[in-house]
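The values are calculated or read from the model by the stated rules, or taken from the named source; none is laboratory data. Just so it is clear, the model here is predicted, and its values are computed rather than measured. Cβ atoms come from the backbone with ideal geometry, glycine included; neighbour counts cover every protein chain shown. Note: areas computed on protein heavy atoms with side chains; ligands, DNA, RNA excluded. Shrake-Rupley method; radii C 1.70, N 1.55, O 1.52, S 1.80 Å.
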Amino acid sequence: MRILVLGGTTEASRLSERLQKRQDIWALLSLAGRTHEPAAQALNTRVGGFGGIEGLATFLRDQQIDLLIDATHPFAARISANAVAASEMTGVPLIRYTREPWKPVPGDNWLEVPDLDAACAALGPEPKCVFLTVGRLGLAAFEAAPQHHYVVRSIDPPHELNLPDYRLLLERGPFDEESQARLMQAERVEIMVTKNAGGDATYGKVAAARRLGLPVIMVAPPEPVTVTTYHELDDVMADIMARLAHAAPPLA
């Protein structure tokens, strides 16, 4: 079996480790290339886009891919949509492996909004100290609210950031609750803006905000693509093993 994994997430890395151990599977991990220095991966890796739907479809055909796995970030809506379209064009089966979105629990003070523009508007006119953890590609939306002081966290430096008052933290997760609570207190954070990306790696900031009684503006994830979706690695592997068994030639 030949598998292409669209990655860039903790989930994709975990899946890569499992696939690398299988002698009966050839697998390739594809990264979009948005992170300057991606973490080392267990699988052979290609970096860069495919050139849209047609490019991805051509790659699937040329590489004789048997299964496409979308393990991209929950907010990578374009590549997920491209994966659906390329699967339909080529007939290559597609499954999705992603995190479940976070859900509020007692003590959380969330305002859920549909997008980054709405998150910016929800900050209001009064100046605040805002902990902004939406990824570097989403920062431009907050240029519409220059009155705030932003504590911006990103893996890589933003290409251009026209905020008059901000502090940039270049850090890569995971982040635990204790460290996040200390950070928010040291920076005198009054409100946090984040995307509902799910998973354990960055949940510490959500738990810390709850502990400190801070409000959170939570940007909802895009509508999920309509494909078979798994949230657990064992379920993904069970699906792959079932496909392998189905594809195996009959015993002589």
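Would you say ILE69 is under 20 Å from the mean Cα position of the chain (by Cα), open to solvent by less than 40 Å² (accessible area, probe 1.4 Å) and in the same structural domain as ALA242 (by the TED database)? When the stated conditions are applied, ILE69 passes them. Take the conditions (1) farther than 17 Å from LEU244 by Cβ; (2) open to solvent by 70 Å² or more (accessible area, probe 1.4 Å); ALA57 misses just one of them, which is (2).
Residues that are open to solvent by 10 Å² or more (accessible area, probe 1.4 Å) and part of a strand (DSSP E or B) were ranked within segment 130-152; the one that is farthest from LYS205 (Cα to Cα) is HIS149.
Could you identify the single residue in ALA197, ALA181, ALA201, ALA207 that is surrounded by 15 or more Cβ atoms within 10 Å (Cβ to Cβ), of a type outside the set (Lys, Arg), closer than 29 Å to GLU17 by Cα and modelled with pLDDT of 95 or more? When all the criteria are applied, what remains is ALA207. Per this entry, THR45 is counted among residues that are more than 17 Å from ARG243 (Cα to Cα), assigned by the TED database to the domain that holds ILE95 and touching a helix residue (DSSP H, G or I) at 6+ places or on another chain (Cβ under 9 Å). Right, VAL92: within 19 Å of VAL216 (Cβ to Cβ), modelled with pLDDT of 90 or more and either in contact with an Asp or Glu (Cβ under 8 Å, 6 or more places away or on another chain) or not charged (D, E, K, R) (or both) or not? Criteria not met by VAL92. Within segment 223-249, the residues that satisfy the criterion of being among the hydroxyl-bearing types (Ser, Thr, Tyr) and open to solvent by 60 Å² or more (accessible area, probe 1.4 Å) are THR226, THR228. Taken as a whole, the condition of being assigned by the TED database to the domain that holds ALA81, within 14 Å of LEU233 (Cβ to Cβ) and modelled with pLDDT under 90 applies to GLN20.
Every residue, every condition in (1) in contact (Cβ under 8 Å) with a residue 40 or more places away in the chain; (2) under 24 Å from VAL193 (Cα atoms), yes or no:
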position	(1), (2)
LEU43	no, no
GLY48	no, no
ASP62	no, no
ILE69	yes, no
THR98	yes, yes
TRP102	yes, yes
PRO106	no, yes
LEU116	yes, yes
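Scan segment 104-114 and give yes if some residue there is aromatic (Phe, Trp, Tyr) and crowded, with 20+ Cβ neighbours inside 10 Å, otherwise no. For segment 104-114, residues aromatic (Phe, Trp, Tyr) and crowded, with 20+ Cβ neighbours inside 10 Å: absent.
On the phi < 0 side of the Ramachandran plot and surrounded by fewer than 21 Cβ atoms within 10 Å (Cβ to Cβ): is that true of ARG96 in this structure? Answer is no for this residue.
Taking GLY124, is it exposed (fewer than 13 other Cβ atoms within 10 Å of the Cβ) and either part of a helix (DSSP H, G or I) or of a type outside the set (A, V, I, L, M) (or both)? Considered against the rule, which asks whether it is exposed (fewer than 13 other Cβ atoms within 10 Å of the Cβ) and either part of a helix (DSSP H, G or I) or of a type outside the set (A, V, I, L, M) (or both), GLY124 comes out as yes.
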